[in-house]
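Worksheet: one structure, shown below.
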Amino acid sequence: MKTAECLNRMAPYLFAQIDKKRDALREQGVDVISLGIGDPDRPTPDHIIEAMEKAIRNPLNHQYPDYAGSAAYRQACATWMHRRFGVSVDPETEVLALIGSKEGIAHLHTAFVDPGDYVLAPSIGYPVYSGGATLQGGHTYYMPMREENGFLADFDHVPEEVLSKAKIMFIGYPNNPTGAVATEEYFDKAIRFCLENDILLAHDNAYSEICFDGYSAPSILERPRAKECCIEFFSLSKAYNMTGWRIAFAAGNAESIAALGTVKNNLDSGQFTAIQEAAIAALLGSQQCVADMCALYQRRRDAVVEALRAIGMTCEDTKATIYVWARVPEGYSSESFATKLLEQAHVIVTPGNGYGPDGEGYIRISLTTSDDRLLEAVRRIKEIA
Ligand SMILES: *Cc1c(COP(=O)(O)O)cnc(C)c1O
């Protein structure tokens, strides 16, 4: 048996060593607290679950769903886009339901990348941007992403031979893992660059709703000419504590939405219509649950940032997302510092190099652990100073 060449080229899993140490500690009965995973710990809000309970009893929902999403779901997405960002999208041609935005991002490569093509991906970012390209026989060009540029991926120096074969440029703000947010100027510059070079600009907006300190993240579709080259990915996972439900949508440029739809039509099926009905309740219902979650994450962020500063580390008061991104102390690598936290504080954090080359020298701490466990982790981290 021989697997595909492109599968053999997938990046190896980086943290096998740390995982082994964690498992050994747990085997010894040590209480290890994980701040490694970005998966909301709070339950899905009640009104969404109630909508699901009702929807699941409707036999019409038990049949094959429409692959592009029900008309009602796509309309709810469009209504939400308009209420939240003032952006108008046509639910028929500019919105597509997704089985989670990971699915949409992965399938976008199938729609746009031929063997030998390039995708431009941030050099610190969600692994699917580059993994999807590899699985299509394509290449990834990593756009530098440096702290001194506010972690805005730099596309000023893409070599000509890459640019001529580039099909998609991925960016995502508010950013996982750095917590960085983008300026309007940056979005405008990215749109200009992609129009000039005939590249699809894919904006991953999974964290648009998780904002702090009065900040409210924009949609890239608010910017002039965005619809000529942009597809934007929204997800209900983080905003409504629905990671397990697998529901999201893409919005924007009609040609790219149609191309992604054709891939989906051939490779997968639509999401369970009952889940789409619950998602409608989330999008069109009261957004108080979102505000409450943001207040909770903001308190947790404050506790984590204070602990890191107490042991002499530097980090920003992240304005958005469920992560704190921090530079490791002098003399450590991402991995050696994560190992120290594991061995001395019994706390798991994610080494930044796992997100790409420029992530070296940082760790990511996730805020999706219950308050008591998070505060216990914070206490332990302060003790190792
Ligand atoms: C969580 C996350 C997603 C995907 O979420 P889905 O659950 O697949 O909708 C996409 N992009 C980033 C950067 C994420 O962190």
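Quick rundown of the values:
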| quantity | calculated |
| --- | --- |
| Estimated FRET transfer efficiency (Lys2, Asp213; beta-carbon r; R0 45 Å; 0.05) | 0.25 |
| Contour minus Cα-Cα distance for Ile49 and Asp371 (0.36 nm per residue) | 113.6 nm |
| Gaussian network model of the chain, Cα within-10 Å springs - most flexible of Phe193, Phe249, Phe233 | Phe193 |
| Gain upon complete extension [Asp23, Glu92; 0.36 nm per residue less C-alpha separation] | 19.9 nm |
| Rounded FRET efficiency, nearest 0.05, which uses the C-beta distance separating Glu160 from Asp66 and R0 of 56 Å | 0.85 |
| GluC sites (Glu not before Pro) within the range 73-120: DSSP coil, no more than 14 neighbouring Cβ in 10 Å | Glu92 |
| Packing-based exposure ordering (other Cβ within 10 Å, fewest first) of His107, His157, His346 | His157, His346, His107 |
| Distance in nm between pseudo-label sites at Ile37 and Ala16 (7 Å out along the Cβ direction from Cα) | 2.2 nm |
| When each of Lys20/Lys264; Lys165/Lys227; Lys21/Lys238; Lys167/Lys319; Lys102/Lys319 is checked by Cα-Cα distance, pairs over 27 Å | Lys20/Lys264; Lys21/Lys238; Lys167/Lys319 |
| Net charge of Cβ neighbours under 14 Å - reference Ala281; Lys, Arg +1; Asp, Glu -1 | -3 |
| For the range 46-284, size of Cβ-based charge dipole, Lys and Arg +1, Asp and Glu -1, in debye | 560 debye |
| Choice from Met81, Met145, Met313 showing the highest fluctuation, given a GNM over the chain with Cα pairs closer than 10 Å | Met313 |
| Alpha-carbon centroid distance for the pair the range 225-300 / the range 87-133, whole angstrom | 13 Å |
| In the range 124-189, trypsin sites (Lys or Arg not before Pro) in a DSSP loop with at most 14 other beta-carbon atoms within 10 Å | Arg146 |
| Considering only the chain, percent of DSSP beta bridges that pair antiparallel, nearest 5 | 50 percent |
| Axial C-alpha extent at least 24 Å, average Kyte-Doolittle at least -1.0 - helices from the chain (DSSP) | 288-310 |
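Where a number appears in this text, it was derived from the coordinates with a stated rule and is not lab data. Just so it is clear, the structure is predicted and the values come from calculations on it, not from any experiment. Glycine gets a Cβ as well: all are built from the backbone with ideal geometry, and neighbour counts include every protein chain shown.
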